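The values are calculated or read from the model by the stated rules, or taken from the named source; none is laboratory data. In this text the structure is predicted, and so the values were computed from the model without any measurement. With ideal geometry, Cβ positions are generated from the backbone for all residues, glycine too; neighbour counts draw on all protein chains shown. Side chains included, ligands, DNA and RNA excluded: accessible areas come from the protein's heavy atoms. Shrake-Rupley method; radii C 1.70, N 1.55, O 1.52, S 1.80 Å.
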Amino acid sequence: MKKANYKIIGVMSGTSLDGIDLVYVNFDFKDSWSYKITRSETVPYPLNWQETLAAAINYSEEGLEELNKKYTNFLAGIISRFIETHQIKNIDAVSSHGHTIKHEPENKYTLQIGNLPELAYLTGQTVICDFRVQDVALGGQGAPLVPVGDQLLFPEYRYCLNLGGFANISTEKNGQRLAYDICAVNTVINYYAQQLGKEFDEGGKLAGAGKLNKDLLKKLNNLSFYDQKPPKSLGIEWVKSAVFPILEQYKGNLPDVLHTYGLHVAEQISKTLDNQPDSKVLLTGGGTFNSFLIKHLRESSKCHFTIPSQEIINYKEALIFGLLGVLKLREEVNVLKSVTGAKNDHSSGVVYEI
């Protein structure tokens, strides 16, 4: 008989490189899933790790192998300190996303580092990780993986919209969960904010100081990715090959670039919504704190946007990766073919025992 209660540490590192999110969650199952986050923390990346992870896409195969080992050791230290600092005693498993270096589902390839067996040995915990590889092998995009958690933990919302390194959306249509990436958000905004001497565009103030460049907005909106039908997903490779070459033409005025890009994001997101006042949208991710972006998103759509507690904004992905680990332990579906385009629903991830 399957357990009804699980105590899990969920771990998430996103493409925006702002840090590693960790949550200690108590999951309960009684007809439906409920959760309680009892501890949460974000550990910022030191500058040397930010620079290394940003450059790793260009590493050789041998270089990536070495980086994988070093990052696994680094991640194990972060997890161990989280357990020790918060005096966490009862843990069924650590469920970790790792950090995405390359995501090329069209080539049947995706790489998340920090998912080596040593993670279990170094932390002294059962570890569930490497959730994307199996889906890509089954012909899926390997992303997004969060929607099954949206379905099980946040069923009252018509849309779950995450504004992280990329904007991705999850919704129910004709009895099926659909989800896909919409556009790049913080991977672009942070990059140009840093060129202006800021770590990120706090509150969207830099964008607010700029003006709309209609020519730039038109070029961004004409990107071919936006015409593709779901399932579809994005990686940093797309930003570097498709988005940055357009924006670099206008970098003489970075506030205008940020202003225009924010409007572009709001416009692309609004196109994915049904524009109905009774449609509830749950907003999460770091972009939720960008007042400029949220203001224009609300102006672009009649949907009802809900900004939840700061804990859910910051830790929803880590929370859901914790749930993916629980579902793997129960040998239940944690990746949906309707979302990723894989051949079948499946229970993804690798379990490492100590």
On full extension of the chain, what length is gained from Ile354 through Phe29, given 0.36 nm per residue of separation minus the C-alpha to C-alpha distance? 114.4 nm
Report the far tail of the P(r) of the stretch 94-174, meaning the percent of Cα-Cα pairs longer than 20 Å. 46
Residue-wise, which Karplus ³J(HN,Hα) couplings in Hz belong to the stretch 194-205, taking 6.51 cos²θ - 1.76 cosθ + 1.60, θ = phi - 60°, and x for glycine or proline? 5, 5, 9, x, 10, 5, 7, 8, 4, x, x, 5
Counting only protein heavy atoms, what percent of the accessible surface of the chain is carbon or sulfur at a 1.4 Å probe? 48
Counting Lys and Arg as +1 and Asp and Glu as -1, what is the net charge of the other residues whose Cβ lies under 14 Å from the Cβ of Cys183? 0
Over the chain, what is the mean sequence separation of C-alpha contacts under 8 Å (at least six apart), divided by residue count, expressed as relative contact order in percent? 22
From the cross-link list Lys219/Lys251; Lys7/Lys316; Lys218/Lys302; Lys36/Lys328, the entries with a Cα-Cα span beyond 21 Å are Lys218/Lys302
Work out the length of the dipole vector of the stretch 206-324 about its Cα centre, built from +1 on the beta-carbon of each Lys and Arg and -1 on the beta-carbon of each Asp and Glu, and round it to the nearest 20 debye. 200
For Leu329, Leu75, give me the order by solvent-accessible area with a 1.4 Å probe, most accessible first, ignoring ligands, DNA and RNA. Leu329, Leu75
One-quarter of the Cα convex hull surface for the stretch 195-277, in nm²? 6.8
Calculated FRET efficiency for the pair Ser347/Glu65, C-beta based, R₀ 35 Å, to 0.05: 0.80
Using only alpha carbon positions, build the gyration tensor of the stretch 245-354, then give the equivalent ellipsoid semi-axes as the square roots of 5 times its eigenvalues, largest first, whole angstrom. 34, 19, 16
Stretched fully, the stretch from Asn221 through Ala242 gains (0.36 nm per residue minus C-alpha distance, one decimal, in nm) 6.4 nm
Checking Leu67, Leu119, Leu234 against a Gaussian network model of the chain (alpha-carbon springs below 10 Å), the top fluctuating residue turns out to be Leu67
With springs only between Cα atoms under 10 Å, which of Leu324, Leu247, Leu196 fluctuates most in a Gaussian network model of the chain? Leu196
Rounded to two decimals, what is the ratio between the C-alpha radius of gyration of the stretch 1-124 and 2.2 N^0.38 Å? 1.16
Sum of side-chain charges, Gln50 neighbourhood, beta-carbon under 12 Å (Lys, Arg +1; Asp, Glu -1): -3
Of the candidates Pro44, Ile83, Leu22, the farthest towards the positive dipole end of the stretch 16-90 (Lys/Arg Cβ +1, Asp/Glu Cβ -1, centred on the Cα centre) is Ile83
Test item: Cα-centred dipole of the chain, Lys/Arg +1 and Asp/Glu -1 on Cβ, debye: 720
Answer with one residue from Trp238, Leu217, Leu258: the one whose Cα lies farthest towards the positive end of the charge dipole of the stretch 195-264, charges on Cβ with Lys, Arg +1 and Asp, Glu -1. Leu217
Quick note, the stretch 82-135: a/c under 1.5 would make it rounded; otherwise a/b > b/c is prolate and the rest oblate (a ≥ b ≥ c, C-alpha gyration tensor); here it is prolate
Gyration tensor over alpha-carbon atoms, the stretch 196-240, equivalent ellipsoid semi-axes in Å: 26, 16, 9
For the stretch 274-330, what D do you get in µm² per second when you plug the Kirkwood radius from alpha-carbon pairs into Stokes-Einstein at 37 °C and 0.692 mPa s? 256
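With Cβ to Cβ distances under 11 Å as the rule, what net charge do the other residues near Thr340 carry (K, R +1; D, E -1)?
Net charge around Thr340: +3.
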Kirkwood hydrodynamic radius, computed over distinct alpha-carbon pairs, for the chain: how many Å, to one decimal? 20.6
Could you work out which residue, out of Ser60, Ser96, Ser34, moves most in a Gaussian network model of the chain, that is, has the largest mean-square fluctuation with Cα springs under 10 Å? Ser60
